[in-house]
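See structure below.
The values are calculated or read from the model by the stated rules, or taken from the named source; none is laboratory data. Everything quoted here is computed from the prediction, not taken from an experiment. In this analysis, Cβ positions are derived from the backbone assuming ideal geometry, glycine residues included, and neighbour counts consider all displayed protein chains. Surface accessibility is based on the protein's heavy atoms, side chains included, excluding ligands, DNA and RNA. Shrake-Rupley method; radii C 1.70, N 1.55, O 1.52, S 1.80 Å.
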Amino acid sequence: MKPMYYLVAAALSIMLSIYVFIFGTWANSQLVAIFIGLWAPTIICLGIFNILMNIHDEMCCAHKRIEGRQTGQDRCGC
């Protein structure tokens, strides 16, 4: 997924949290708002993890290409 989607999802989580905190009428609305607000760092961490995994995959593929050139094989194996 694109990194922008993670930022949009985190922003929506923060806005929903603020809305529930201010306009919530039930007894535990403030606790629910805090719980929803904690989604934002989780979503951002998920986006960072996804980016790091893509970088790791690219590095592994590049390493296999280099090994293939050294051994005379042209296959990437990715």
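Some notes on this structure:
- Residues in region 12-28 that are out of contact with any helix residue (DSSP H, G or I) (no Cβ under 6 Å at 6 or more places or on another chain) and surrounded by 11 or more Cβ atoms within 10 Å (Cβ to Cβ): Leu12, Met15, Ile18, Tyr19, Gly24.
- Tabulated pairs, region 44-68, first within 21 Å of Ala10 (Cα to Cα), second open to solvent by 90 Å² or more (accessible area, probe 1.4 Å), C-beta under 7 angstrom, 6+ apart or interchain: Asn50/Met1
- Count of region 29-57 residues which are under 17 Å from the mean Cα position of the chain (by Cα) and either surrounded by 15 or more Cβ atoms within 10 Å (Cβ to Cβ) or within 20 Å of Leu7 (Cβ to Cβ) (or both): 20
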